[in-house]
Amino acid sequence: MFARVTSVALVGVDPRPVQVEVHVTNGRSVFAIVGLPDTAVREAKERVRAAFGSSGLRFPAGRVVVNLSPADLPKAGSAYDLPIALGLAAAIDRRHGPTTDVVALGELGLDGTLRPVRGGFGAALVGRRLGRRVLLPMEAAAEAGGLEGAEVFGTPTLRAALDAANGWQVPEPPGAPDDLPQGPDLAEVRGQLAARRALEVAGAGGHHILMSGPPGVGKTLLARCLPSLLPPLPSLELLEVALAWTAAGLPRLCRLDPPFRSPHHSATLPALIGGGSGVPVPGEVTLAHRGVLFLDELGEFPTPLLDALRQPIEDGRVVVARKGSTVTFPSEIQLVAATNPCPCGFHDDGEVPCVCASRAIDRYRARLSGPLLDRFDIRIRMNRVDHRLLSGPPGEPSGTIRTRVVAARKRQMARGGVNAKLERGAIDALDWTDSAVRLLDAAAESNRLSPRGWDRVRRVAVTIADLGESAVITDGHVGEALAYRVQ
């Protein structure tokens, strides 16, 4: 007696089909699982045995062999419980459904209930690709139900999964995605006109931005406002984000806005970059893919952690090497960081005296290496706001600024991508005035700009021109871009 059920294994964020083959024969009672299973997969035999009894199903007394194919691909986690159970039920009784027509994923409780697992969205993607219905626990089905063209069934128990495999259950239609921006509105930020403008430029061109200043001036609030300025993600990028989140076991339900992640400075290297013991999982730079990674209190992050960010920022991907395998995670992020000028935060404040020794200030600033700082296109110093502005009228709302950002992004997309990532040839081909070129040359000759800095200033200048609906880049655009770079 033989049955086959399709399941899914995540290789990085890429879902790969796995054939769960179940073979039942007479003989001594044995339950073997082969195909590079880890401990959690091998323990499935006990969960399946108990779930069968709780669901009123007969467990075979003979020899059961489960093969997870391809056999050279490592299998990890408890997500193979459901496909093993479905295949076993079909192998001993064909009335339990055409299991070759389904893709299944889920952990079984001893009472036959189904519990959520990571990879639900990947299973829905594989099911859509193969033209098969997808059986998932209820929570995972809610996550994967937003994928257009996928027939996803949420099943609370093993019995319900068997009914769905036979086509006796109708899936509920997924909810409509929410395109409303998340996070606080920029109208909440009073004063700080220069920083508000810098944030708008950063959002329009996808530029990395570093804000420095004393505590309480609004650095964190400004950073959290950035998602409200960004346009909704197109369908292909939404798919990439959903795959990254499902690979980490996190739900991202009905959202069109770019992700926003803000790890604490005590995060470990695997938590930030990705990896971990066993099967590598995405880190914060991948969870922020196509969105914003915010590093608050940048000066408190350990130097090795910050230096490890340089390659993901530059390449847009993270490569995690393990013995015998290499996994690649996407990391196309917009980096936003905030830092105090010294450990106490009041260096050059003008109102509150700094209590830090000069050596402590030097040590604090030395954590931010030159190569890392050079990757910030925009650096803005924020000072205290006049208290009279705090009780004044609110600033320009995010919705108004978002309209300008979206219009600027459309101009950039017509060229081939956001200015921060655009090919250099496309930047060269734009119309630069002679005075703009002379101003750039003067800044480069004065040794205030590295070659990378010179290139980044040009990109920011183009973004400023896009916001002003100007087809020509002038010295005014370059001057503003230089003000964000040379401080």
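At a glance:
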item: Every residue from region 277-293 that is surrounded by 19 or more Cβ atoms within 10 Å (Cβ to Cβ) and out of contact with any Gly (no Cβ under 8 Å at 6 or more places or on another chain); result: E284, L287, A288, H289, R290, G291, V292, L293
item: Boolean, G316 is in the same structural domain as L233 (by TED's automatic domain parsing), surrounded by fewer than 18 Cβ atoms within 10 Å (Cβ to Cβ) and at positive phi; result: yes
item: Looking only at region 182-236, and only at residues there that are among the acidic types (D, E) and surrounded by fewer than 21 Cβ atoms within 10 Å (Cβ to Cβ), the one that is farthest from G399 (Cα to Cα); result: E188
item: Criterion (touching a Gly at 6+ places or on another chain (Cβ under 7 Å) and not in a helix (DSSP H, G or I)) met by exactly one of L422, L439; result: L422
item: Residue within region 294-307 that is touching a strand residue (DSSP E or B) at 6+ places or on another chain (Cβ under 8 Å), part of a loop (DSSP other than H, G, I, E, B), crowded, with 17+ Cβ neighbours inside 10 Å and not hydrophobic (A, V, I, L, M, F, W, C) present; result: yes
item: Test set (1) in the same structural domain as E351 (by TED's automatic domain parsing); (2) modelled with pLDDT under 90 - P181 fails condition number; result: (1)
item: Scope region 39-88; condition in contact with a Ser or Thr (Cβ under 6 Å, 6 or more places away or on another chain) and either free of Cβ contacts under 8 Å to residues at least 12 places away in the same chain or more than 25 Å from G27 (Cβ to Cβ) (or both); matching residues; result: A40
item: Count of residues meeting criterion [part of a helix (DSSP H, G or I) and within 19 Å of G316 (Cα to Cα)] in region 195-214; result: 4
item: Complete set of residues in region 438-453 that are surrounded by 14 or more Cβ atoms within 10 Å (Cβ to Cβ) and at pLDDT 90 or above; result: L439, L440
item: Scope region 80-107; condition within 20 Å of R129 (Cα to Cα), touching a Gly at 6+ places or on another chain (Cβ under 7 Å) and modelled with pLDDT of 90 or more; matching residues; result: V103, L105
item: Residue satisfying all of: in region 126-149; hydrophobic (A, V, I, L, M, F, W, C) and crowded, with 24+ Cβ neighbours inside 10 Å; modelled with the lowest pLDDT among these; result: A144
item: Every residue from region 3-50 that is assigned to a strand (DSSP E or B), more than 28 Å from the chain's Cα centre (by Cα) and polar (S, T, N, Q); result: Q19, T25
item: Matching entry among P353, P341 (being farther than 30 Å from G417 by Cα, touching a Ser or Thr at 6+ places or on another chain (Cβ under 9 Å), assigned by TED's automatic domain parsing to the domain that holds R384 and assigned to a loop (DSSP other than H, G, I, E, B)); result: P341
item: Looking only at region 461-474, and only at residues there that are modelled with pLDDT of 95 or more and touching a Leu at 6+ places or on another chain (Cβ under 9 Å), the one that is surrounded by the most Cβ atoms within 10 Å (Cβ to Cβ); result: A461
item: Residue check for P116: touching a Ser or Thr at 6+ places or on another chain (Cβ under 6 Å) and at pLDDT below 90; result: no
item: Residue match in region 265-288 (condition: of a type in the set (G, A, S), part of a loop (DSSP other than H, G, I, E, B) and under 28 Å from R452 (Cα atoms)); result: yes
item: Region 415-430 residues that are farther than 18 Å from G453 by Cα, paired with ones that are surrounded by 13 or more Cβ atoms within 10 Å (Cβ to Cβ) (beta carbon under 7 Å, 6 or more apart); result: R415/L422; R415/A426; G416/L422; G416/A426; L430/V462; L430/I473
item: All positions within region 19-38 that are of a type in the set (A, V, I, L, M) and free of Cβ contacts under 8 Å to residues at least 60 places away in the same chain; result: V30, A32, I33, V34, L36
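The values are calculated or read from the model by the stated rules, or taken from the named source; none is laboratory data. If you're wondering where the values come from, they're calculated on a predicted model, not measured in any experiment. Neighbour counts are summed over all protein chains in view; Cβ atoms, including those assigned to glycine, are modelled from backbone coordinates with ideal geometry.
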